[in-house]
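Written below as structure tokens is the structure these notes are about.
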Amino acid sequence: MQPRVSGAVPVCYVKNLELSRDFYAHFGYAEVRHGGDGDGRWSYVQSGDQTLLLACVQPPLIQVELPLLIYLYVEDLAAVGERVRAAGLPWELVGYPDHAPGGEARTTDPDGNVVLAGQRVAVAPGDRAEPTGSAAEFSLIQQAAEAVRRRGGAPAACQIALADGSPCPEPAEVKLADPWGDTVWGCLVHSEEALMHARAAFIATEDGYGLGPWLRRRQGRANPA
């Protein structure tokens, strides 16, 4: 018998358990169990058959905003949007992509991470609302570029050559990597092209919480001075 997954529980590391639990309540999640104390607490929330584990640990594991934390499919995107806006939270309609013909919207959680919500059931073209604000041009690549600009540290120029092999004159904005350790900084256009054609490529982050620093800290604990 081939192994198969019978269920999956997304885990979101948050800085404030109560604020995050209230945030996900707007999407229909309600707490069914909670536990922990001291440096680690958790809340297990559920909406229908869908579950989510919110975890809060000290010190926090996630130190920077994520370009996309989680994607949620909802039955009524407009109703969810009304609840989110009524709570004073941002809510921007992105558009009507193929994977969400009923609409796709963007908000941010209490930690500043991007959360996307989509509706699988299509709406008639005449009932579609116009995308709002900058969300009409939303992309994960643009979100990653914004995070890089906040932190700084990107090289001056795109490191991905043009189709004829000549250097790209555009600024580098996104760092890409693959499972084999290759990395490159690219402009928005070339980063999107690389993600489309190099199937193992992914958007990398520039922070001090990667595998290398973690291994060095562990080695330091194993060999104290």
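Just so you know, all these numbers are worked out from the coordinates, no wet-lab data involved. Note that the coordinates shown come from a computational prediction; the quantities given were computed from them, not determined experimentally. Cβ atoms come from the backbone with ideal geometry, glycine included; neighbour counts cover every protein chain shown.
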How do 37-46, 119-128 rank on mean C-beta neighbours within 10 Å, highest first? 37-46, 119-128
What's the center-to-center distance, using Cα atoms, between segment 1-57 and segment 84-99 in Å? 22
Find the eigenvalues of the gyration tensor of the Cα atoms of segment 1-119, then list the square roots of 5 times those eigenvalues as equivalent ellipsoid semi-axes, largest first, in whole angstrom. 24, 19, 14
Restricting things to Cα coordinates, could you compute the convex hull volume per residue of segment 29-83 in Å³? 108
